[in-house]
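Remarks on the structure that follows.
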Amino acid sequence: MKKNLMRCTRVLVIGILLIFGFACNHNTSSGDNSGGNGSSGNVAVTSIQLEPALSLTVGETKTLKATVLPSNATYTPKWESDNSPVATVNQSGIVEAKKPGTATITVKTADGKCSAQCTITVSQVIKIESITLNKTAITLGVGKEKVLIAGIVPENATNKELKWESNDSSVAEVDQSGKVTAKSAGSATITVNTKDNQHPTTCTVTVKNICRYKSFYLVRKMECHCRE
(Lines give C-alpha, C1' and ligand atoms only; values in the text may rest on other atoms or scores of the structure.)
Protein backbone atom coordinates (compact mmCIF):
# COMPACT_ATOMS: atom_id res chain seq x y z
CA MET A 1 0.00 0.00 0.00
CA LYS A 2 2.79 2.37 0.94
CA LYS A 3 4.75 1.50 -2.22
CA ASN A 4 1.76 2.21 -4.40
CA LEU A 5 1.24 5.55 -2.71
CA MET A 6 4.86 6.53 -3.28
CA ARG A 7 4.64 5.47 -6.93
CA CYS A 8 1.53 7.60 -7.45
CA THR A 9 3.21 10.55 -5.78
CA ARG A 10 6.21 10.29 -8.10
CA VAL A 11 3.95 10.12 -11.16
CA LEU A 12 2.03 13.16 -9.97
CA VAL A 13 5.21 15.19 -9.37
CA ILE A 14 6.62 14.27 -12.78
CA GLY A 15 3.32 15.28 -14.40
CA ILE A 16 3.34 18.64 -12.68
CA LEU A 17 6.95 19.27 -13.76
CA LEU A 18 6.14 18.39 -17.35
CA ILE A 19 3.14 20.72 -17.41
CA PHE A 20 5.12 23.59 -15.87
CA GLY A 21 7.99 23.09 -18.35
CA PHE A 22 5.57 23.21 -21.32
CA ALA A 23 3.98 26.38 -20.02
CA CYS A 24 7.38 28.09 -19.65
CA ASN A 25 8.48 27.08 -23.13
CA HIS A 26 5.20 28.37 -24.62
CA ASN A 27 5.55 31.74 -22.90
CA THR A 28 9.16 32.11 -24.06
CA SER A 29 8.37 31.33 -27.69
CA SER A 30 5.34 33.64 -27.88
CA GLY A 31 6.65 36.51 -25.70
CA ASP A 32 7.81 40.06 -26.67
CA ASN A 33 10.96 40.02 -28.83
CA SER A 34 10.94 43.76 -29.51
CA GLY A 35 13.73 44.68 -27.13
CA GLY A 36 11.43 46.03 -24.45
CA ASN A 37 9.55 48.60 -26.52
CA GLY A 38 6.19 46.86 -26.13
CA SER A 39 5.57 46.26 -29.84
CA SER A 40 7.14 43.46 -31.87
CA GLY A 41 9.42 44.79 -34.65
CA ASN A 42 9.32 48.46 -33.53
CA VAL A 43 12.39 50.49 -32.55
CA ALA A 44 11.82 53.08 -29.86
CA VAL A 45 12.71 56.76 -30.41
CA THR A 46 15.48 58.03 -28.13
CA SER A 47 15.58 61.68 -29.26
CA ILE A 48 14.05 64.21 -31.67
CA GLN A 49 15.75 67.38 -32.96
CA LEU A 50 14.39 70.49 -34.73
CA GLU A 51 16.02 73.70 -35.87
CA PRO A 52 15.66 75.90 -32.77
CA ALA A 53 14.32 79.09 -34.42
CA LEU A 54 12.81 80.28 -37.67
CA SER A 55 11.73 83.69 -39.00
CA LEU A 56 8.77 83.99 -41.40
CA THR A 57 6.69 86.77 -42.88
CA VAL A 58 2.89 86.79 -42.82
CA GLY A 59 1.53 84.34 -45.40
CA GLU A 60 4.80 82.44 -45.75
CA THR A 61 5.00 78.67 -45.23
CA LYS A 62 7.86 76.40 -44.21
CA THR A 63 8.16 72.64 -43.73
CA LEU A 64 9.93 71.64 -40.53
CA LYS A 65 11.89 68.40 -40.65
CA ALA A 66 12.47 66.48 -37.45
CA THR A 67 15.68 64.48 -37.04
CA VAL A 68 14.93 61.27 -35.15
CA LEU A 69 17.38 58.97 -33.39
CA PRO A 70 17.97 56.18 -33.96
CA SER A 71 17.48 56.67 -37.69
CA ASN A 72 15.54 53.37 -37.98
CA ALA A 73 13.09 54.27 -35.21
CA THR A 74 9.40 53.69 -35.92
CA TYR A 75 7.15 56.52 -34.80
CA THR A 76 4.23 58.72 -35.76
CA PRO A 77 5.02 62.39 -35.01
CA LYS A 78 2.51 64.68 -33.36
CA TRP A 79 2.82 68.38 -34.24
CA GLU A 80 1.38 71.24 -32.17
CA SER A 81 1.48 75.06 -32.05
CA ASP A 82 1.11 76.93 -28.78
CA ASN A 83 -0.14 80.05 -30.60
CA SER A 84 -2.20 79.13 -33.67
CA PRO A 85 -3.34 82.73 -34.38
CA VAL A 86 0.33 83.54 -35.08
CA ALA A 87 1.52 80.29 -36.69
CA THR A 88 -0.22 76.99 -37.41
CA VAL A 89 1.30 73.59 -38.12
CA ASN A 90 -0.26 70.50 -39.70
CA GLN A 91 0.65 66.87 -39.10
CA SER A 92 3.13 66.97 -41.99
CA GLY A 93 5.17 69.64 -40.18
CA ILE A 94 4.13 72.48 -42.53
CA VAL A 95 4.11 75.81 -40.66
CA GLU A 96 2.05 78.75 -41.93
CA ALA A 97 2.64 82.28 -40.63
CA LYS A 98 -0.66 84.02 -39.84
CA LYS A 99 0.12 87.33 -38.14
CA PRO A 100 3.06 89.09 -36.44
CA GLY A 101 4.13 87.52 -33.17
CA THR A 102 5.86 84.47 -31.74
CA ALA A 103 4.75 80.84 -31.57
CA THR A 104 6.40 77.63 -30.41
CA ILE A 105 6.02 74.56 -32.62
CA THR A 106 6.41 71.21 -30.83
CA VAL A 107 6.87 67.76 -32.34
CA LYS A 108 6.67 64.72 -30.09
CA THR A 109 6.17 60.99 -30.10
CA ALA A 110 2.71 59.54 -29.56
CA ASP A 111 3.58 58.59 -25.97
CA GLY A 112 5.05 62.06 -25.31
CA LYS A 113 8.36 60.68 -24.08
CA CYS A 114 10.47 62.50 -26.69
CA SER A 115 9.89 65.99 -28.08
CA ALA A 116 11.57 69.00 -29.70
CA GLN A 117 10.61 72.64 -30.19
CA CYS A 118 11.12 75.43 -32.72
CA THR A 119 10.41 79.10 -31.99
CA ILE A 120 8.66 80.83 -34.90
CA THR A 121 8.93 84.62 -35.21
CA VAL A 122 6.44 86.12 -37.66
CA SER A 123 6.87 89.63 -39.04
CA GLN A 124 4.65 91.77 -41.25
CA VAL A 125 5.53 92.06 -44.95
CA ILE A 126 6.75 95.58 -45.77
CA LYS A 127 6.22 96.21 -49.47
CA ILE A 128 8.19 98.53 -51.72
CA GLU A 129 6.26 101.75 -52.30
CA SER A 130 8.50 103.32 -54.94
CA ILE A 131 11.86 103.06 -56.71
CA THR A 132 14.19 105.96 -57.50
CA LEU A 133 17.13 106.16 -59.92
CA ASN A 134 20.20 108.36 -59.65
CA LYS A 135 19.82 109.21 -63.36
CA THR A 136 16.70 109.55 -65.51
CA ALA A 137 18.66 110.13 -68.74
CA ILE A 138 22.27 109.47 -69.77
CA THR A 139 24.36 109.76 -72.94
CA LEU A 140 27.09 107.24 -73.70
CA GLY A 141 29.53 106.59 -76.50
CA VAL A 142 29.48 103.17 -78.14
CA GLY A 143 31.34 100.70 -75.91
CA LYS A 144 31.08 102.85 -72.79
CA GLU A 145 29.48 101.75 -69.50
CA LYS A 146 27.52 103.42 -66.73
CA VAL A 147 26.14 102.02 -63.47
CA LEU A 148 22.65 103.16 -62.52
CA ILE A 149 21.87 103.19 -58.81
CA ALA A 150 18.36 102.34 -57.62
CA GLY A 151 16.90 103.46 -54.31
CA ILE A 152 14.01 101.73 -52.54
CA VAL A 153 11.28 103.39 -50.48
CA PRO A 154 10.91 102.43 -47.70
CA GLU A 155 14.47 101.30 -47.04
CA ASN A 156 13.30 98.52 -44.68
CA ALA A 157 11.15 96.78 -47.31
CA THR A 158 10.98 93.04 -46.73
CA ASN A 159 11.90 92.02 -50.27
CA LYS A 160 14.45 94.38 -51.85
CA GLU A 161 15.03 92.26 -54.95
CA LEU A 162 14.76 94.22 -58.22
CA LYS A 163 14.97 93.35 -61.89
CA TRP A 164 16.54 95.36 -64.73
CA GLU A 165 15.52 95.35 -68.39
CA SER A 166 16.34 97.16 -71.64
CA ASN A 167 13.73 97.68 -74.34
CA ASP A 168 16.45 97.54 -77.02
CA SER A 169 19.51 95.48 -76.11
CA SER A 170 21.06 96.15 -79.53
CA VAL A 171 21.48 99.79 -78.45
CA ALA A 172 22.08 99.42 -74.69
CA GLU A 173 22.28 96.36 -72.47
CA VAL A 174 21.79 96.29 -68.69
CA ASP A 175 22.75 93.58 -66.21
CA GLN A 176 21.03 92.77 -62.92
CA SER A 177 23.35 95.08 -60.98
CA GLY A 178 22.25 98.10 -63.04
CA LYS A 179 25.36 98.37 -65.23
CA VAL A 180 24.48 99.77 -68.68
CA THR A 181 26.67 98.99 -71.69
CA ALA A 182 26.29 101.03 -74.87
CA LYS A 183 26.24 98.78 -77.96
CA SER A 184 25.32 100.93 -80.97
CA ALA A 185 24.05 104.40 -81.83
CA GLY A 186 20.42 104.99 -80.96
CA SER A 187 18.13 105.30 -77.95
CA ALA A 188 16.98 102.70 -75.42
CA THR A 189 14.95 102.74 -72.23
CA ILE A 190 16.29 101.00 -69.13
CA THR A 191 13.62 99.92 -66.64
CA VAL A 192 14.11 98.82 -63.04
CA ASN A 193 11.14 97.21 -61.34
CA THR A 194 10.01 95.09 -58.42
CA LYS A 195 9.62 91.35 -58.99
CA ASP A 196 5.84 91.76 -59.08
CA ASN A 197 6.08 94.60 -61.64
CA GLN A 198 4.41 97.15 -59.37
CA HIS A 199 6.86 100.07 -59.51
CA PRO A 200 8.60 100.50 -62.89
CA THR A 201 11.15 103.34 -63.03
CA THR A 202 13.02 104.26 -66.20
CA CYS A 203 16.15 105.90 -67.52
CA THR A 204 16.57 106.96 -71.18
CA VAL A 205 19.94 106.02 -72.67
CA THR A 206 21.21 107.82 -75.76
CA VAL A 207 24.14 106.14 -77.47
CA LYS A 208 26.40 108.02 -79.92
CA ASN A 209 29.25 106.93 -82.14
CA ILE A 210 32.72 107.97 -81.00
CA CYS A 211 35.25 109.48 -83.45
CA ARG A 212 38.30 107.20 -83.37
CA TYR A 213 40.48 109.18 -85.77
CA LYS A 214 43.69 110.94 -84.79
CA SER A 215 42.62 114.40 -85.89
CA PHE A 216 39.58 116.26 -87.20
CA TYR A 217 38.86 119.54 -88.96
CA LEU A 218 36.06 122.07 -88.82
CA VAL A 219 33.76 122.91 -91.72
CA ARG A 220 30.34 124.50 -92.06
CA LYS A 221 29.36 126.14 -88.83
CA MET A 222 31.80 124.31 -86.57
CA GLU A 223 30.53 120.88 -87.61
CA CYS A 224 32.95 118.16 -86.58
CA HIS A 225 34.17 115.77 -89.28
CA CYS A 226 36.61 112.95 -88.78
CA ARG A 227 39.79 112.89 -90.81
CA GLU A 228 42.47 110.23 -91.06
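Some values worked out for this structure:
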{"item": "1 or more residues over 30 Å from K208 (Cβ atoms): qualifying strands (runs of 3 or more DSSP E) within the range 61-177", "result": "61-63, 67-69, 78-81, 87-89, 94-97, 101-108, 115-123, 130-133, 150-153"}
{"item": "Test result for G143, of a type outside the set (D, E, K, R), under 30 Å from G186 (Cα atoms) and modelled with pLDDT of 95 or more", "result": "yes"}
{"item": "Residue within the range 67-83 that is closer than 26 Å to A157 by Cα and open to solvent by less than 40 Å² (accessible area, probe 1.4 Å) present", "result": "no"}
{"item": "Test set (1) open to solvent by 70 Å² or more (accessible area, probe 1.4 Å); (2) at pLDDT 95 or above - N197 fails condition number", "result": "(2)"}
{"item": "Residues (touching a residue at least 40 places away in the same chain (Cβ under 8 Å) and either open to solvent by less than 70 Å² (accessible area, probe 1.4 Å) or part of a strand (DSSP E or B) (or both)) located in the range 178-194", "result": "V180, A182, S184, A185, I190, V192, N193, T194"}
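So that you can scan it fast, the table gives a plain yes or no per residue for (1) more than 18 Å from G178 (Cβ to Cβ); (2) modelled with pLDDT of 95 or more; (3) out of contact with any helix residue (DSSP H, G or I) (no Cβ under 9 Å at 6 or more places or on another chain):
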| residue | (1), (2), (3) |
| --- | --- |
| N90 | yes, yes, yes |
| K99 | yes, yes, yes |
| T132 | no, yes, yes |
| T139 | no, yes, yes |
| G151 | no, yes, yes |
| A157 | no, no, yes |
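The values are calculated or read from the model by the stated rules, or taken from the named source; none is laboratory data. Fair warning: this is a prediction, and the values are worked out from it, not measured in the lab. Because the Cβ atoms are built from the backbone with ideal geometry, glycine has one as well, and the counts that use them run over all protein chains shown. Ligands, DNA and RNA are stripped out before the accessible areas are found, and what is left, the full protein with its side chains, is counted by its heavy atoms. Shrake-Rupley method; radii C 1.70, N 1.55, O 1.52, S 1.80 Å.
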